Each structure stands twice: as C-alpha cells, then as structure tokens.
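Shown next, in structure tokens, is the structure this report addresses.
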Amino acid sequence: MREKQNNWLRIEAVIKWANMSTNYFARYIGLARGENLYQIKRGNNGISLDVADRIVAKFPQIDKLWLLTGEGQMFSDDSMRGPQIPYYDVDVEQGIANLDRLEAQCNLIVPPVGGCDLAMSYTGRAMGDCVPPGTILLLKAVDRDAIIPGEEYVIVCRKIVTLRIVRAAEEEGKVRLVAGDREHYDDIVLNDSDILSVYKVKGKLIINS
C-alpha cells in the first residue's frame, strides 16, 4: 500500500511543480481525462510506462526512472536539482507538534530556497489569499529570538498550533499573531514564554485550481 501511495506522491510532486490542476495536467500530457491519474491516486493503478513517457515528453527535466520507481531524484538535469525536503502529508497545524512521531511520505525536490527542514500542507482558511488551502509550506525551524515581524511562521505553543503573520505586540514579552483574513479571524496575543517551537515559512507551493 505504501508503494501505491508513493506512486501518487511522485505524480503529485510533478503536478505541483508544473503549477497545474490534476485535470489540466492530464490533458496537457495527452490523456483523455483525469480519471487515469485519479486511479493512481486511489491506489488502483501504478504509474504505467505510457504515463511516464507522456510526462517526460512534456517535461524532459523529470527523471523517468525516479517517476517509475522512486529511485534517484525528480530532476534529470543537475541544474534543476535542489535539496530533498521531507514531505509529511498532514496538515501543518495538526501534525507539526508531533513531528517526532511522523514518517515522511516522500522527499520534495525544489530549487534552493535558503534551506528547509520539512514540508507540510496547509488546509486552514485563516490565512486567506496569502496561503490558500492546499498550499504546501516549505519550513525551517528557527529560534524564537529569530522571528522577524511581518513574516509568516508556524507557531507551536502550549495550547495552540497555528500559521500566522507575526507582529510585535504593544506589551513587552508578547507577540501578536495576525491572520491573512482579518475580516473573519481575530488576532492572537501570546506570551513569548508559551512558545515551544517556531517554523519560518521559507517557501510556498500554491496550486491554481
């Protein structure tokens, strides 16, 4: 079952890298309908040689052996390769506090973005258009003291785990967490001492629907 899951994760990595929806990607590589790919997603089919050939024909940067087996790296061109970032297929606000108990489903290979420790998806709505649901976040663990006001962070504290824009609070020893959608989500004010860990958003993979 894990291998079937990994088949789809490799296809999904290419789709996300191409910045396409699944159905558009299917049509782009010459499949009559997206159902061929959804069968792979459901675990009913593996990645056939025909599908791999179609993908590589449109995206010659993709390594066909990696696509079929998972061996090697996503890109065949050395200039396209970047660090392998462990991807955990869970919502960041639900999973990151339990990172030591999770297993990465695959590695994302993206051009260098300043060093990342892991990648997780975001399914919440509080960040609005800044981080739409379904976005994959590229995250770097940082010290509390390294927080830069105005930037996006995943904050793990004693009571909540949340993705927000961090702002300076009026009161010393506190931080203010601001949603992207401030019309529907209130600010959160935390004590610095309540923060257990911090992950800076180094990059975002946003899928256009």
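The values are calculated or read from the model by the stated rules, or taken from the named source; none is laboratory data. All of these numbers come straight from a predicted model, not from anything done at the bench. For the accessible areas, the whole protein counts, side chains as well, though only heavy atoms, and no ligand, DNA or RNA atoms are used. Shrake-Rupley method; radii C 1.70, N 1.55, O 1.52, S 1.80 Å.
Compare ALA141, ALA32, ALA126 in a GNM of the chain, Cα atoms joined below 10 Å, and give the one with the largest fluctuation.
ALA32
Please report the spacing between the Cα centers of the range 1-57 and the range 104-166 in Å, no decimals.
Their Cα centres are 26 Å away from one another.
Can you tell me which lysines have their Cα less than 29 Å from the Cα of LYS200? Leave out same-chain residues fewer than eight positions away.
The reachable lysines, counting only those whose Cα sits under 29 Å from LYS200, are LYS16, LYS140, LYS159, LYS174.
If you stretched the chain out fully between ALA104 and VAL90, how much longer would it get, using 0.36 nm times the residue separation minus the C-alpha to C-alpha distance?
Working: separation 14, 0.36 × 14 = 5.04 nm, distance 0.96 nm.
The ALA104-VAL90 span can extend by a further 4.1 nm.
Rounded to the nearest 500 deg cm²/dmol, what is the calculated helix-only ellipticity per residue at 222 nm for the chain, with -39500 (n - 2.57) per DSSP H run of length n ≥ 4? Each step should come with its number before you reach the end.
Details: 6 runs with 51 residues, N = 209.
About -6500 deg cm²/dmol.
Within the range 154-209, what whole-number % of the accessible surface is contributed by carbon and sulfur, with the 1.4 Å probe and all protein chains included in the calculation?
Details: 1420 of 3320 Å².
Looking at the range 154-209 in its full context, I get 43 percent from C and S.
Find the all-direction average of the projected area of the Cα convex hull for the chain, expressing the result in square nanometres with one decimal place. Please list the in-between numbers first.
Values: hull surface 50.1 nm².
Average projection, Cα convex hull of the chain: 12.5 nm².
Report, to the nearest 10°, how far helix 49-58 tilts away from the longest principal axis of the Cα atoms in the chain, using its own Cα long axis and a range of 0 to 90°.
In the chain, helix 49-58 runs at an angle near 70 degrees to the longest axis.
Just want to confirm a number: the relative contact order over the range 14-157, from Cα pairs under 8 angstrom separated by 6+ residues, in percent.
Values: 171 pairs, mean separation 20.0, N = 144.
Once normalised by length, the contact order is 14 percent.
Consider just the alpha-carbon atoms of the range 11-109 and return their Rg together with their Dmax, both in angstrom.
Here Rg and the maximum Cα pair distance are 14.5, 42 Å.
Can you tell me how much longer the chain between ALA97 and HIS184 gets when fully stretched, taken as 0.36 nm per residue apart minus their C-alpha distance, in nm with one decimal? If you can, show how the numbers build up before the last one.
On the way: separation 87, 0.36 × 87 = 31.32 nm, distance 2.52 nm.
So the chain would gain 28.8 nm between ALA97 and HIS184.
In the chain, what % of DSSP beta bridges are antiparallel (nearest 5)? Each step should come with its number before you reach the end.
Working: 35 of 38 bridges.
If I count the DSSP bridges inside the chain, around 90 percent turn out antiparallel.
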